[in-house]
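Heads up: the structure comes next, in structure tokens.
The values are calculated or read from the model by the stated rules, or taken from the named source; none is laboratory data. Just so it is clear, the model here is predicted, and its values are computed rather than measured. FYI the Cβ positions are ideal-geometry reconstructions off the backbone, even for glycines, and counts take in every protein chain you see.
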Amino acid sequence: DSGVTQTPKHLITATGQRVTLRCSPRSGDLSVYWYQQSLDQGLQFLIQYYNGEERAKGNILERFSAQQFPDLHSELNLSSLELGDSALYFCASSVDPRPFNEQFFGPGTRLTVL
Amino acid sequence: DQQVKQNSPSLSVQEGRISILNCDYTNSMFDYFLWYKKYPAEGPTFLISISSIKDKNEDGRFTVFLNKSAKHLSLHIVPSQPGDSAVYFCAASAKGAGGTSYGKLTFGQGTILTVHP
């Protein structure tokens, strides 16, 4: 158990819909990261927050947005869903953004878009 | 544009022998490299890392080697155990503009390691 929790574990929805994925970081971790793992791709970095502020952005689609709240939990919002958005979405957390600080990954949310 | 590549999708090794997993990168701005291990239905777990100022880092049965001139790193597992069977991801981190460190990791596609008893 990494200490990072993600809800829900599984999500099945239809094209065009909107979903929210939730992540609670490890106690004491201020930095949160979101990654997407599609079937034919490795883990792709989406976005990073540090203490409530956006810190770095990867190849995140405009239909996707995220935020980190004052209690440090984070939400990833995916809208106008397409079939290709079906993937595993991982949240990770670390003490701070420096790369030598280990990122602890949650178990992931599996999103299926039908 | 695949900046981190793991060209071997899978590797099969006998228990007790050495496992060597390889990773190549193209971005010369990468200055920190990591290996993660992933079991089915779980998130990746950090295994070992190396800074670009080093060429070797060892932790128990795991050793990571970095060859900057070749833009290549490898993970050696000696001796391999059946419990090591998992997907191994190579990842890299680069400093941003002005030398700011980010935690953004660029991952390879992963290599499935199977260790046979």
**Fill in**
The condition from (1) within 11 Å of chain B (Cβ to nearest Cβ); (2) touching a Leu at 6+ places or on another chain (Cβ under 8 Å); (3) not aliphatic (A, V, I, L, M) that A:Arg18 misses is numbered (1)
**Prompt:** For B:Leu34, are the conditions met, namely being within 11 Å of chain A (Cβ to nearest Cβ) and in contact (Cβ under 8 Å) with a residue 12 or more places away in the chain?
**Reply:** yes
**Request:** Test A:Leu83 against the stated conditions and say whether it is within 11 Å of the chain's Cα centre (by Cα), away from chain B (no Cβ under 14 Å) and in contact (Cβ under 8 Å) with a residue 60 or more places away in the chain.
**Result:** no
**Message:** Quick check on my filter: what residues within segment A:41-97 are crowded, with 20+ Cβ neighbours inside 10 Å and among the acidic types (Asp, Glu)?
**Reply:** A:Asp85
**Asked** Residues of segment B:15-73 being small (Gly, Ala, Ser) and under 10 Å from the mean Cα position of the chain (by Cα), which ones?
**Response** B:Ser49
**Request:** Filter segment B:29-46 for residues that are surrounded by 20 or more Cβ atoms within 10 Å (Cβ to Cβ) and touching a Lys or Arg at 6+ places or on another chain (Cβ under 6 Å) and give the result.
**Result:** B:Pro44
**Of the criteria (1) at the interface with another protein chain (Cβ under 9 Å from one of its Cβ atoms); (2) within 15 Å of A:Thr109 (Cβ to Cβ), which one A:Cys23 fails** = (1)
**A:Gly3, sole failed condition from (1) surrounded by fewer than 16 Cβ atoms within 10 Å (Cβ to Cβ); (2) away from every other protein chain (no Cβ under 14 Å); (3) in contact (Cβ under 8 Å) with a residue 24 or more places away in the chain** = (2)
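Can you pull out every residue in segment B:76-112 that is of a type in the set (D, E, K, R) and at pLDDT 95 or above?
Residue satisfying the conditions is B:Asp84 alone.
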